[in-house]
Amino acid sequence: MSFDGPSLSLRILKAVLAIVIVSFLLSAAYISSLVVERQEALKQVSRYNTSWLASQAVSEFTRLEQRLSAYAVPDGGIDPGEVQLRFDILVNRAKLLNDGEFQDFVSRDPERQETVRLLREALAAAQPLVDRIEEPGNAMKALALLQPLETKVTALASAANHYGAQRVTEDQHELIRLHWLFSSLAAGLIVCGFILLGLLGWHNRLLTRAHHDLRFLAENLQRTSDELKKANKALGNAYAELQHQNGVLQIQEIELRTQNERFNAALNNMSHGLCMVDATGHIIVFNERFAQLFDLESSVRPGTTLNELIAYAEARGREGAAALRQICAEQQELIRERRQATFIQGQPGGRTIAVSHQPMSDGGWVATYEDITERRQAESQIAYMAHHDALTDLANRVLFREQMERALAQSGRSETQVAVLCLDLDRFKDVNDSLGHETGDALLKVVAHRLRSCVREEDVVARLGGDEFAVLQTSVHEPHDCAVLAMRIVEALGAPYDIDGQEIVIGTSVGIALAAEGNPTPDQLLKHADLALYRAKSVGRGTFRFFEPEMDAQLQARRMLEVDLRKALANGEFELFYQPQVDIRRKAITGYEALLRWRHPERGIVSPAEFIPVAEDIGLISPLGEWVVHEACREASGWPAPLKVAVNLSPVQFRNRNLVQCVKQALEESGLCPSRLELEITESVLLQDNDTTLATLHQLRKLGLRIAMDDFGTGYSSLSYLRSFPFDKIKIDQSFVQGLSSRADCLAIVQSIAGLGASLGMSTVAEGVETEDQLVQLRAAGCTEAQGYYFGRPRPARDLTHSLEDFGPVRAAE
Ligand SMILES: Nc1nc2c(ncn2[C@@H]2O[C@@H]3COP(=O)(O)O[C@H]4[C@@H](O)[C@H](n5cnc6c(=O)[nH]c(N)nc65)O[C@@H]4COP(=O)(O)O[C@H]3[C@H]2O)c(=O)[nH]1
């Protein structure tokens with residue numbers, strides 16, 4: 001929209017208005033001057049009318065003549081004063097004829113001038129006559145002077161009348177003209193008024209339009225302002241967003257920089273060499289390790305190709321570059337086919353490089369290069385270790401199994417057979433425990449050496465773990481070959497050892513399994529040999545046994561026992577029997593040993609000697625032992641004090657961290673006084689992790705209960721265990737008690753144990769007392785308590801009366 005239109009028209013309108021107003025003012029001024037002029041004219045017409053002056057003068061002239069005539073007549077009745085008055089009036093009138101407009105009228109005509117002059121002269125001449133009018137004749141003389149002028153004065157008056165009439169006519173014309181003029185002016189003014197109105201209307205319209213435009217403009221302005229505000233706000237938001245983006249970008253930049261630094265750090269600290277090449281063969285980046293691996297410059301000019309880099313290095317006699325050239329040659333195919341691949345490059349110097357080639361989407365490629373020489377060596381070392389026993393350098397179970405597989409496969413195609421001989425060392429555990437692991441290890445090494453010397457080159461000797469060894473005997477023609485080897489081994493290993501100046505004697509038993517028939521697997525063969533070994537050990541040490549199928553049946557029976565045992569606790573098939581322990585001197589029951597019984601649904605009562613080792617093997621001994629402690633405490637809490645209850649603890653239970661808590665809980669729940677509970681442990685408990693076991697024993701002791709050492713005398717170094725923990729009681733193994741009558745050494749042992757107990761302040765209990773004779777000897781040896789069938793067999797709790805009489809035989813002993 002243009003703003004020139006309204007402003008221009010407004011200016012024009014203002015100019016027109018100014019012109020109209022000015023013309024209006026001028027017209028008004030002009031009309032007012034005309035009106036003044038007309039008023040003046042009218043005034044003159046009304047007061048100073050020429051014709052009137054002339055007629056007055058004629059009238060006075062006539063009156064004077066009449067007075068003079070009258071005066072001249074005696075007794076005319078005229079007063080001289082009156083003549084004098086008329087004369088003076090005429091003189092004044094005559095004077096007026098020389099003034100103003102009349103003079104103008106007179107001056108237009110010489111005759112009139114003559115008349116006026118004559119009149120003035122006549123009057124002047126008549127003056128003395130009138131002054132002395134009383135004098136006779138003066139009146140006539142004066143009249144004579146005036147009379148000649150009578151015609152002329154009348155003519156002057158007539159001319160004056162005519163002039164007056166003419167002037168009136170002119171004035172009328174003038175008035176008519178003024179009337180028209182005024183009317184025209186009024187009409188003009190009216191027209192101007194209309195024009196003005198029109199202009200005002202136009203102006204108004206212009207103003208309305210301008211106002212409308214203005215409002216439109218204002219609205220537009222408002223809208224634009226709103227839009228501007230919005231735009232401003234949007235701009236603000238955009239600015240904030242920009243700031244935010246900027247912040248994000250800055251963070252990203254920092255992160256990018258950090259990442260870049262990390263990337264560089266990672267790149268240059270990689271154990272692998274890395275090289276990235278673009279589609280045209282130019283190097284994009286490589287790391288320090290790459291340069292180091294191939295003896296290259298650590299930095300290159302951008303745009304260098306890998307071949308140029310290699311050529312440059314080769315020209316300087318760098319050997320590593322030649323290796324890279326070889327690798328690059330292998331990579332060529334991968335580059336061409338844009339294929340990912342990993343390959344290993346062996347190099348003349350014994351170096352091995354593993355290359356991982358990866359094409360990139362832009363046509364280039366990236367590859368990593370790793371010097372795996374050491375790893376290869378380590379791998380072969382690991383592979384060796386994975387198949388060999390670190391201590392003896394013999395084959396381990398894995399390699400032995402592989403060799404067995406191979407031998408079994410070959411034996412199918414040959415006349416000969418394969419046999420596996422399993423053996424373990426008798427008393428090795430004792431050596432290890434008493435002389436230390438180092439001695440044990442040294443002994444194992446010598447054993448391995450002796451074993452190797454017993455077999456042929458093609459046979460395999462393996463250490464399967466601990467003191468377990470196995471021999472894979474190939475080319476066996478008949479079982480006798482195996483027997484010969486087994487005997488050789490027993491003999492070789494049974495010979496004394498000199499370990500660090502210490503003579504050690506151990507023995508071995510051998511189990512033999514021949515892969516004669518049935519196409520056994522390596523595991524089966526090994527299991528058979530193991531079963532045969534078990535049998536060999538059970539019949540006596542230092543011998544060998546061949547596997548027989550019934551051994552497998554025993555294994556099956558054991559499996560079934562395991563299955564039944566697992567269900568027994570939940571089925572409530574266990575119960576406790578109690579065997580009295582008697583104070584030899586007082587001949588009174590001091591307490592009972594709780595002995596576990598399994599009431600098997602089919603087999604009836606099963607001995608703990610049979611199922612406890614199985615329960616220990618399959619991890620059932622802990623829950624079972626917990627049940628025993630709870631049950632024994634519960635039963636004993638119903639007995640009269642101070643009767644005690646002795647509970648057997650398996651070594652396996654000591655590996656359970658909850659043992660102390662379990663015993664504590666059993667005591668709390670039953671309310672049994674801790675001093676009435678006795679825990680029996682065997683030496684084997686102290687063989688395992690001694691410190692932990694001793695700590696557990698002390699914790700148990702702190703609860704206020706008593707600890708007894710069971711089966712004392714059967715172990716390798718029983719005496720040393722007595723030093724390690726202050727036991728409350730020693731239980732002499734029943735083998736010594738039962739040998740009392742037949743072996744002199746048994747009595748000596750019993751006596752010394754009893755003496756030891758007395759000196760250490762421990763009570764001594766002799767187990768397995770069956771006869772009165774034994775009891776007498778035990779009393780004489782100084783034992784304080786006894787336990788055995790002599791006093792009574794173990795019974796269920798419900799059958800206990802706590803009276804020795806009920807058990808019967810003791811009275812007979814007295
Ligand atoms: N020949 C003969 N034997 C006698 C005589 N007096 C008692 N016995 C038997 O000798 C064994 C003594 O128990 P032990 O040496 O602790 O030997 C126990 C003990 O080591 C273990 N045992 C029994 N109950 C438990 C138990 O609750 N927990 C654990 N861990 N082991 C238990 O089972 C072994 C065998 O227990 P049992 O068969 O009950 O056999 C018991 C008992 O019945 C006798 O005059 N002559």
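The values are calculated or read from the model by the stated rules, or taken from the named source; none is laboratory data. Just so you know, these numbers come straight off a predicted model, no measurement behind them. Positions of Cβ are backbone-derived with ideal geometry, glycine not excepted, and every protein chain shown enters the neighbour counts.
Looking across segment 706-754, just one residue is within 13 Å of the ligand (Cβ to nearest atom), over 19 Å from R779 (Cα atoms) and part of a loop (DSSP other than H, G, I, E, B), and that is T714. Report, by residue number, each residue of segment 671-692 that is surrounded by fewer than 20 Cβ atoms within 10 Å (Cβ to Cβ) and within 16 Å of the ligand (Cβ to nearest atom). Hits for segment 671-692 are S684, L687, Q688.
Pairing each residue of segment 781-795 that is in contact (Cβ under 8 Å) with a residue 40 or more places away in the chain and within 19 Å of S759 (Cα to Cα) with any residue that is of a type in the set (D, E, K, R) and near the ligand (Cβ under 10 Å from one of its atoms), provided the two are 6+ apart or on different chains, yields no C-beta distance under 7 Å. Residue check: R566 meets all listed conditions (1) assigned by TED's automatic domain parsing to the domain that holds E610; (2) farther than 30 Å from P796 by Cβ but one, namely (2).
When V539, V606 are checked against the criterion of being closer than 30 Å to Q774 by Cβ, of a type in the set (V, I, T) and within 15 Å of the ligand (Cβ to nearest atom), V606 stands alone in meeting it. Against the definition (of a type outside the set (D, E), in a helix (DSSP H, G or I) and within 12 Å of the ligand (Cβ to nearest atom)), how does V652 come out, yes or no? So V652 fits the description; yes.
Summed over segment 457-508, the residues that are among the charged types (D, E, K, R) and without any contact (Cβ under 8 Å) to a residue 12 or more places away in the chain give a count of 5. Consider segment 374-402 and keep the residues that are part of a helix (DSSP H, G or I) and of a type in the set (S, T, Y). The one that is nearest to the chain's Cα centre (by Cα) is S380.
Could you tell me which of the residues E772, E767 is within 15 Å of the ligand (Cβ to nearest atom), charged (D, E, K, R), buried (at least 18 other Cβ atoms within 10 Å of the Cβ) and assigned by TED's automatic domain parsing to the domain that holds L649? Only one candidate qualifies: E767. Checking each residue in segment 611-648 for being outside any helix (DSSP H, G or I) and more than 9 Å from the ligand (Cβ to nearest atom) picks out I618, G619, L620, S637, G638, W639, P640, A641, P642, L643, K644, V645.
The rows are residues; the columns are (1) over 17 Å from V366 (Cα atoms); (2) over 42 Å from the mean Cα position of the chain (by Cα); (3) of a type in the set (A, V, I, L, M).
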residue: C275; (1), (2), (3): no, no, no
residue: V285; (1), (2), (3): no, no, yes
residue: A311; (1), (2), (3): yes, yes, yes
residue: E333; (1), (2), (3): no, yes, no
residue: Q340; (1), (2), (3): no, no, no
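One line per residue, one yes/no per condition, for (1) assigned to a helix (DSSP H, G or I); (2) within 16 Å of the ligand (Cβ to nearest atom); (3) more than 30 Å from V769 (Cα to Cα):
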residue: L526; (1), (2), (3): yes, no, yes
residue: L555; (1), (2), (3): yes, no, yes
residue: R586; (1), (2), (3): no, no, no
residue: I589; (1), (2), (3): no, yes, no
residue: E593; (1), (2), (3): no, yes, no
residue: L596; (1), (2), (3): no, yes, no
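Residue-by-condition table, conditions (1) surrounded by fewer than 17 Cβ atoms within 10 Å (Cβ to Cβ); (2) of a type in the set (S, T, N, Q); (3) touching a Cys at 6+ places or on another chain (Cβ under 8 Å); (4) assigned by TED's automatic domain parsing to the domain that holds E593:
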position: L624; (1), (2), (3), (4): no, no, no, yes
position: A646; (1), (2), (3), (4): no, no, no, yes
position: S650; (1), (2), (3), (4): no, yes, no, yes
position: E668; (1), (2), (3), (4): yes, no, no, yes
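What do you reckon, is L700 part of a helix (DSSP H, G or I), surrounded by 18 or more Cβ atoms within 10 Å (Cβ to Cβ), of a type outside the set (G, A, S) and within 16 Å of the ligand (Cβ to nearest atom)? So L700 fits the description; yes.
Does T439 satisfy the criteria of being surrounded by fewer than 19 Cβ atoms within 10 Å (Cβ to Cβ), in contact (Cβ under 8 Å) with a residue 40 or more places away in the chain and not charged (D, E, K, R)? So T439 passes the test.
In segment 775-799, the residue that is farthest from G739 (Cα to Cα) out of those that are within 14 Å of the ligand (Cβ to nearest atom) and in a helix (DSSP H, G or I) is A797.
For segment 452-469, a residue qualifies if it is aliphatic (A, V, I, L, M) and over 19 Å from G440 (Cβ atoms), and the qualifying residues are V455, V460. Summed over segment 501-524, the residues that are in a helix (DSSP H, G or I) and in contact with a helix residue (DSSP H, G or I) (Cβ under 6 Å, 6 or more places away or on another chain) give a count of 1. Hey, could you check segment 70-83 for residues that are under 21 Å from P148 (Cα atoms) and out of contact with any helix residue (DSSP H, G or I) (no Cβ under 6 Å at 6 or more places or on another chain) and say which is surrounded by the most Cβ atoms within 10 Å (Cβ to Cβ)? So, considering only residues that are under 21 Å from P148 (Cα atoms) and out of contact with any helix residue (DSSP H, G or I) (no Cβ under 6 Å at 6 or more places or on another chain), the one surrounded by the most Cβ atoms within 10 Å (Cβ to Cβ) is A70.
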